[in-house]
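Trainee: Sharing a structure below in structure tokens format, with a few things to ask.
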Amino acid sequence: MAIIQVLDSGTIDKIAAGEVVERPSSVVKELVENAVDAGSSSITVEIKDGGISFIRVTDNGSGIEASQIRNAFLRHATSKISSAEELHTVKSLGFRGEALSSISAVARVELISKTKDALSGIRYLCEGAAETEYSEIGAPDGTTILVRNLFFNTPVRRKFLKQPQTEGSYIVDLMEHMALSRPDISFKLTVNGQMRFHTSGNGDLKEVIYRIYGREIVENLVPITAEAEGIALSGYLGKPVLNRSNRNFENYYINGRYIKSNLLAKAIEEGYSQYLMQHKFPFTVLHFSVDTALVDVNVHPTKMDVRFTEGERLYQFISENVAEALHQKEMIPQVTLDEKASRDLEMPDKKVSVPEPFEEVRTRQFHVMEEMKYEAEKPEMQDFLQKPVWSRVKDNDFLGKNDENEVNAANITVKPEQLNLFDEKMLAPQNRDDYKILGQIFDTYWLIAFQDKLFIVDQHAAHEKVKYERLIKQFREKSIVSQSLNPPIVVTLTAREEQVLSEYRGVFSGLGFEIEEFGGSEYALRGVPTDLYGCNEKELFLEVLDELGQGPTYKNLTVVEEKLASMACKAAVKGNNSLKTAEMEELLDELLTLENPYNCPHGRPTIISMSKYEIEKKFKRIV
């Protein structure tokens, strides 16, 4: 018979560490979150060998009282909460009290900390959860923690780490998200002695995006701000031109905490649904301020997963406001004839002196230099979590490539305002008389001249969009016209499909399907939407049935709209069809009445533009 034993504390600590410390980036995450919670305005992270051999995190926060340092390394010891009830209102990034205990169990840890009121600091060394030194030391205000030889006493764990370069990339990715989460904190990351990035901490979210992603991204951002009961949203959406093939560029934060959420991701993507093609994903940096009663962060030790008590309301709030923010901007892609033009948009990083967190004079000088460029007010600490980004951050465009003499003459004290070309949309009914249809090329595309632009319209995408908007309007007004089928189409359904059909009978009726029971598990399609007639009606009916049967969803209407998009695609004029000028004019007139004429229902652009400037460059009229 097996004997049940009580494990010793060392074994317990190593087991617990496995939940919290998965790799070097886990260590950095826990230590940086502690630094943020300590009220730091400047945080520096240094790593060597991907963080496997060396990690140092330095902050200028409140520090740890000398009498509390030993307690900080005990399991489930925290200053963030004192009872289970407070888990429902926790605002700090950390609250489990496991970080230092878990890290010290599998590494050699050195801590130096001093509070503002103390005359000296404390140096505390811990190796494999065992204290090796506790002494006084001269130190600046704040805390520095060094972690050496991670997993030195658990070789099995160390064996599964990836190459130092890969582990280091995880830390870089983490620090970029931390910087985006708190623009009011100055973050610096050094990898193997070389600075990777440094933010000023002046509170300007756009500046942080610029430092991490570059100028091209910043030039294609759409600001967003919205509020509802218990929810506030602020930040930036990337224009559809910034689409990616994965979700790695969808950044969103709940109360300052970087998370991953299928609900939030799908809500954002639904807001983009009319602007992106399938399997393409947007660039976003969004901050959500959510009532703590509506979100549970105590799900997993990594605190990356959260649960929402009113998920459907949050989903609708996000998707509707994302769609509305994008709708406010004209989304005609600009075609450049010179590939080098896009590369020229990138601005080389400036060589600046990098202040350490404790060097207050140099830090202030650096902030003054940054604010001369970005003109943002630095918010009070924790103010960032309580107010939306947009209510505190002035939306500034970045300096373009101005003539150096002009910049010097202005002494960089007055920032030039960039002309906003999208204040009035060019693709609008009031401009219709100024359009000149030049003709059709390749029996697929129209050429339209307008002011100093050449518009190129995809006739299939444009007609598909017009058809789709008509169908959507008819569906919402319950006026879709059905076409009778003679003979009817008979389909056999499973018990599950019959249940779905019964539940969503009204949806099918609204789409224009006339369905009757035909005996047993068979049903007869006696009518289909007029625009769908002759377009494989049975297949489309089963597609709608399958998607509605996937279980509870926040977007039943979206499923219907996706099928309406398919119907519009099948009914629209195709490419390689010659059209008369009168037909093009009629379709253009209808396109101009739409709220979003820029993309077909599947996200493909209906229209692109080419500037006179680009054309004249190719003909060497402009050098």
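The values are calculated or read from the model by the stated rules, or taken from the named source; none is laboratory data. This structure is a prediction, so every number in the text was calculated from the model and none was measured. Cβ: placed from backbone, ideal geometry, glycine included. Neighbour counts: every protein chain shown. For the accessible areas, the whole protein counts, side chains as well, though only heavy atoms, and no ligand, DNA or RNA atoms are used. Shrake-Rupley method; radii C 1.70, N 1.55, O 1.52, S 1.80 Å.
Trainee: Looking at (1) surrounded by 18 or more Cβ atoms within 10 Å (Cβ to Cβ); (2) not in a strand (DSSP E or B), can you tell me which one residue 118 breaks?
Mentor: (1)
Trainee: I'm checking my understanding of the structure. Among residues of the stretch 173-193 that are more than 17 Å from the chain's Cα centre (by Cα) and closer than 15 Å to residue 51 by Cβ, which one is surrounded by the most Cβ atoms within 10 Å (Cβ to Cβ)? Steps first, answer last, please.
Mentor: Filtering the stretch 173-193 for residues more than 17 Å from the chain's Cα centre (by Cα) gives 184-193.
Remaining after also requiring closer than 15 Å to residue 51 by Cβ: 189-193.
Details: 189: 25, 190: 17, 191: 22, 192: 14, 193: 7.
Per the stated criteria, the residue is 189.
Trainee: Output the number of the condition that residue 293 fails; it satisfies all remaining conditions of (1) outside any strand (DSSP E or B); (2) closer than 24 Å to residue 602 by Cα.
Mentor: Going through (1) outside any strand (DSSP E or B); (2) closer than 24 Å to residue 602 by Cα one by one, residue 293 breaks only (2).
Trainee: With the condition kept exactly as written, say whether any residue in the stretch 148-168 is in a strand (DSSP E or B) and either open to solvent by 20 Å² or more (accessible area, probe 1.4 Å) or more than 30 Å from residue 69 (Cβ to Cβ) (or both). Quick ask: steps written out before the conclusion?
Mentor: At the first step, the residues of the stretch 148-168 found to be in a strand (DSSP E or B) are 148.
From what is left, the residues that are either open to solvent by 20 Å² or more (accessible area, probe 1.4 Å) or more than 30 Å from residue 69 (Cβ to Cβ) (or both) are 148.
Yes, some residue in the stretch 148-168 is in a strand (DSSP E or B) and either open to solvent by 20 Å² or more (accessible area, probe 1.4 Å) or more than 30 Å from residue 69 (Cβ to Cβ) (or both).
Trainee: May I pose another question? Looking only at the stretch 599-617, filter to residues that are over 17 Å from residue 444 (Cα atoms) and within 34 Å of the chain's Cα centre (by Cα); which one of those is surrounded by the fewest Cβ atoms within 10 Å (Cβ to Cβ)? Before you say what the answer is, go through the steps one by one.
Mentor: Step one: of the stretch 599-617, the residues over 17 Å from residue 444 (Cα atoms) are 601-603, 610-617.
Subset that is within 34 Å of the chain's Cα centre (by Cα): 601-603, 610-611, 613-614.
On the way: 601: 24, 602: 19, 603: 19, 610: 17, 611: 16, 613: 12, 614: 17.
Across the stretch 599-617, the extreme among qualifying residues is 613.
Trainee: Scan (1) modelled with pLDDT of 85 or more; (2) not in a helix (DSSP H, G or I) for the single condition residue 275 breaks and write down its number.
Mentor: The number of the failed condition is (1).
Trainee: Please pick out the residue among 183, 164 that is in contact (Cβ under 8 Å) with a residue 24 or more places away in the chain and within 19 Å of residue 58 (Cα to Cα).
Mentor: On the way: 164 fails: within 19 Å of residue 58 (Cα to Cα).
One residue alone meets the criteria, 183.
Trainee: Does any residue of the stretch 46-69 turn out to be part of a helix (DSSP H, G or I), at pLDDT 90 or above and surrounded by 24 or more Cβ atoms within 10 Å (Cβ to Cβ)?
Mentor: Checked the stretch 46-69: at least one residue is part of a helix (DSSP H, G or I), at pLDDT 90 or above and surrounded by 24 or more Cβ atoms within 10 Å (Cβ to Cβ).
Trainee: Quick test for you: out of 209, 268, 224, pick the one residue that is assigned to a strand (DSSP E or B), open to solvent by less than 10 Å² (accessible area, probe 1.4 Å) and in contact with a strand residue (DSSP E or B) (Cβ under 8 Å, 6 or more places away or on another chain).
Mentor: Details: 209 fails: assigned to a strand (DSSP E or B); 268 fails: assigned to a strand (DSSP E or B).
That would be 224, the only listed residue that is assigned to a strand (DSSP E or B), open to solvent by less than 10 Å² (accessible area, probe 1.4 Å) and in contact with a strand residue (DSSP E or B) (Cβ under 8 Å, 6 or more places away or on another chain).
Trainee: Quick check on the stretch 72-88. Is at least one of its residues part of a loop (DSSP other than H, G, I, E, B), open to solvent by 30 Å² or more (accessible area, probe 1.4 Å), at pLDDT 85 or above and in contact with a strand residue (DSSP E or B) (Cβ under 7 Å, 6 or more places away or on another chain)?
Mentor: Taking the stretch 72-88 and keeping what is part of a loop (DSSP other than H, G, I, E, B), we get 73-83.
Now restrict to residues that are open to solvent by 30 Å² or more (accessible area, probe 1.4 Å): 74-83.
With the extra rule that they be at pLDDT 85 or above, the set shrinks to none.
Among the residues of the stretch 72-88, not one is part of a loop (DSSP other than H, G, I, E, B), open to solvent by 30 Å² or more (accessible area, probe 1.4 Å), at pLDDT 85 or above and in contact with a strand residue (DSSP E or B) (Cβ under 7 Å, 6 or more places away or on another chain), which makes the answer no.
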